[in-house]
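The next block holds one structure in the form of structure tokens; read it before the comments.
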Ligand code: PEP
Ligand code: MG
């Protein structure tokens, strides 16, 4: 029988026109593969559909392969011949697929026996939709006429799939693919570590505000009244106030009013009043509540102001709280205890809220800003970052174990794994209670090394003390600015800074001035949209353009330093000029304080973060001007290697051991030594014990790190002599390739 390509195209056209009546995309795709296989007389015809977010192709219909493979077989973009056809948006026709290195036969369905292979991408212009594949046992079975016919089919399929997407959006509830049954077999996912610690709990998806409407539960009690609604409002208010006061107690520097938006909306007569009015007019309380919450969500999401858009989160949260109080008859709504949050985007204030509500840990799909990870470390909540494909492997209610330090997630862990987790948790608790750190840190040959603490929240101070920090090497002052809705006044800032100086009792404290911009956004300012925020108004640039904010902060820092050993450090310095201008600001503030007859620390030292390539190049000139320098490798790596520190797709290129980074650190340390300028290192490179020999070897003897890392870093220092460290550093500086450094680190 000959192939009947013209008839096939007609049949598919007819099938496509019927599509919107049947509404099931999978049924349609299955009919399409049968029609194609029949007319082409091909043993196999399959359709893979592409998910742009997960960057994954999934087998959605097949004639000829085992039906059990549908929905299970997945290919990454570029993987296998089908993945390659889609990646390169071109047809691939091969006589003997098995001879092509890219061929990746699907295991267990006997695909190896099909020799001829033709794959055509399904696309809408440059948008990737999927791949149409035909296969046959006969070699060299498909020709260019088949390829042309298949391309015509693919074009029709593209429009059907697009219509299906639209239908899905319109009837989200009806067509959301049913979640697969909970897996019973344990699965290990290797993500990226963002914040250490271990946690166990059930997966709980917290979708970003824009991800959908607030929905009422499936079964509604019909006995609820206006009184029940009023009681739910009162109860919700009580709970929110209790949460707020708990946050105030533990996180006084940042948590001010974090539940404020909820309380404000709750107190808004237009909101609760509208619900009451609808109930009085006969609406069921739950329906009235859901309707009004959704109307507000629409208003907020349509707002051009991103801050207002974010209030969608708060509205949904509040909606859930009210609903649970309304339906639960006074039962306390569930907090996040025993749960691990799965989220794509979160604000720092969301993390604080969720932790106050007892969330055990976090799994984030990309989108982790520097501050989200930093705040989790301070709150001692593990966080693991995963890519979209890994994220899709975890379903709500799955049992999870996460190890933030390793970046691993165990889905549905076995009892042995749980026992191991318990052992690890107990060991960590023990170490927290009595951390194994000595008062002084020395190399194996007795050279004194100084370990300071990076402090993000005031709650870190107690930890720094317990872990015997010799002072504060970096206080990231931006957290009270980032999280609060209102700008902290000079006096409020003074109180926070003073707490740090007092708790250090004469030990050195380095305050870093506000480092916002990039991904570190200020809560109390309307965001200025920038095309390249990391290259925009960040760090010292923001302060020099907002001199009032700068001057209030400097005054607060100068005043807080009275009787202490304090220093002020400027972030993101790119030129000598910026430092000089900042120093002039400090001198003006001193004059201002003299005029106000306020006491302040006249001996305050002034220094810079060396975290931009331009600062490395100008380091000699800067060393002439400054009292001290601190190397910020987190940004130095980002800017030297042009790799966004928060972008999951390029995370493999963010390498602290890149030869250019090693040489930059060596240069700064050497210049500092020759100018006798105090130099320290406060970036995350020093969290890694494997890098300690190099850092010591180039002459860094002062580190500022997260206090909980101190025992490990002290051990790494004690394990090596300075002589050996110098030799190691020399060897590492010789390498021109990343791979050479990696091999060297593996061998040592
Ligand atoms: C750095 O850039 O290395 C640093 C310590 O600062 P931050 O992580 O706050 O940008
Ligand atoms: Mg930095």
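From the set of residues in the stretch 615-624 that are outside any loop (DSSP other than H, G, I, E, B) and buried (at least 16 other Cβ atoms within 10 Å of the Cβ), which is nearest to ligand 1 (Cβ to nearest atom)? So that I can check it myself, show each step before the final result.
From the stretch 615-624, those outside any loop (DSSP other than H, G, I, E, B) are 615-617, 619-624; that's our starting set.
Remaining after also requiring buried (at least 16 other Cβ atoms within 10 Å of the Cβ): 615-616, 619, 622-623.
On the way: 615: 11, 616: 13, 619: 16, 622: 16, 623: 19 Å.
Per the stated criteria, the residue is 615.
Does residue 554 count as free of Cβ contacts under 8 Å to residues at least 60 places away in the same chain and under 19 Å from residue 509 (Cα atoms)? So residue 554 passes the test. Run residue 709 past the list (1) farther than 26 Å from residue 614 by Cβ; (2) out of contact with any helix residue (DSSP H, G or I) (no Cβ under 6 Å at 6 or more places or on another chain) and report the number of the one that doesn't hold. Unmet for residue 709, out of (1) farther than 26 Å from residue 614 by Cβ; (2) out of contact with any helix residue (DSSP H, G or I) (no Cβ under 6 Å at 6 or more places or on another chain): (2).
Take residue 630 and tell me if it is in contact with a strand residue (DSSP E or B) (Cβ under 6 Å, 6 or more places away or on another chain) and within 16 Å of ligand 1 (Cβ to nearest atom). So that I can check it myself, show each step before the final result.
Details: in contact with a strand residue (DSSP E or B) (Cβ under 6 Å, 6 or more places away or on another chain): yes; within 16 Å of ligand 1 (Cβ to nearest atom): yes.
Here the answer is yes, as residue 630 does meet what is asked.
Checked against the criterion of being outside any helix (DSSP H, G or I), surrounded by 24 or more Cβ atoms within 10 Å (Cβ to Cβ) and more than 16 Å from ligand 1 (Cβ to nearest atom), the stretch 585-596 contains not a single residue that satisfies it.
Identify all residues within the stretch 670-699 that are within 16 Å of ligand 1 (Cβ to nearest atom) and outside any helix (DSSP H, G or I); write none if there are none. Of everything in the stretch 670-699, those that are within 16 Å of ligand 1 (Cβ to nearest atom) and outside any helix (DSSP H, G or I) turn out to be 679, 680, 681, 682, 683, 688. Of all the criteria given as (1) within 20 Å of the chain's Cα centre (by Cα); (2) within 12 Å of ligand 1 (Cβ to nearest atom); (3) over 26 Å from residue 724 (Cα atoms), the one not satisfied by residue 652 is (2). Of all residues in the stretch 378-385, none are modelled with pLDDT under 85, under 23 Å from residue 706 (Cα atoms), assigned by TED's automatic domain parsing to the domain that holds residue 243 and buried (at least 23 other Cβ atoms within 10 Å of the Cβ). Has the stretch 600-614 got at least one residue that is crowded, with 17+ Cβ neighbours inside 10 Å, more than 16 Å from ligand 1 (Cβ to nearest atom) and assigned to a helix (DSSP H, G or I)? No, the conditions are met nowhere in the stretch 600-614.
Checked against (1) assigned to a helix (DSSP H, G or I); (2) within 16 Å of ligand 2 (Cβ to nearest atom), residue 572 passes all but a single condition, namely (1). Just one of the listed residues (700, 692, 705) is under 29 Å from the mean Cα position of the chain (by Cα), more than 16 Å from ligand 2 (Cβ to nearest atom), within 22 Å of residue 471 (Cα to Cα) and surrounded by 22 or more Cβ atoms within 10 Å (Cβ to Cβ), and it is 692. Taking the stated definitions as given, is residue 298 surrounded by fewer than 16 Cβ atoms within 10 Å (Cβ to Cβ) and touching a helix residue (DSSP H, G or I) at 6+ places or on another chain (Cβ under 8 Å)? Spelling it out, it is not the case that residue 298 is surrounded by fewer than 16 Cβ atoms within 10 Å (Cβ to Cβ) and touching a helix residue (DSSP H, G or I) at 6+ places or on another chain (Cβ under 8 Å). Out of everything in the stretch 359-410 that is part of a strand (DSSP E or B) and under 20 Å from residue 76 (Cβ atoms), what residue ends up being nearest to ligand 2 (Cβ to nearest atom)? Among them, the one singled out is 385. Pairs are defined by a Cβ separation below 6 Å, a sequence spacing of at least 6 or placement on different chains, a first member in the stretch 662-686 that is under 21 Å from residue 475 (Cβ atoms), and a second member that is buried (at least 24 other Cβ atoms within 10 Å of the Cβ) and at pLDDT below 95; no pair meets this definition.
Could you check residue 439 against (1) part of a helix (DSSP H, G or I); (2) surrounded by fewer than 18 Cβ atoms within 10 Å (Cβ to Cβ); (3) free of Cβ contacts under 8 Å to residues at least 60 places away in the same chain and say which number it fails? It fails just one condition, (1).
Give the residue, chosen from 512, 498, 507, 425, that is surrounded by fewer than 20 Cβ atoms within 10 Å (Cβ to Cβ), touching a strand residue (DSSP E or B) at 6+ places or on another chain (Cβ under 8 Å) and modelled with pLDDT of 95 or more.
On the way: 512 fails: surrounded by fewer than 20 Cβ atoms within 10 Å (Cβ to Cβ); 498 fails: touching a strand residue (DSSP E or B) at 6+ places or on another chain (Cβ under 8 Å); 425 fails: modelled with pLDDT of 95 or more.
Exactly one of 512, 498, 507, 425 is surrounded by fewer than 20 Cβ atoms within 10 Å (Cβ to Cβ), touching a strand residue (DSSP E or B) at 6+ places or on another chain (Cβ under 8 Å) and modelled with pLDDT of 95 or more, namely 507.
Selection within the stretch 442-481: residues that are crowded, with 17+ Cβ neighbours inside 10 Å and under 15 Å from residue 716 (Cα atoms). The member of this set that is farthest from ligand 1 (Cβ to nearest atom) is 443. Assessment of the stretch 415-433 against the conditions (in the same structural domain as residue 198 (by TED's automatic domain parsing), farther than 30 Å from residue 240 by Cβ, away from ligand 2 (no atom under 16 Å from the Cβ) and not in a helix (DSSP H, G or I)) yields no matching residue.
The values are calculated or read from the model by the stated rules, or taken from the named source; none is laboratory data. Predicted, not measured: the structure shown is a model, and the values here were computed from it. Every residue, glycine as well, gets a Cβ built from its backbone with ideal geometry; the counts of neighbours run over all protein chains shown.
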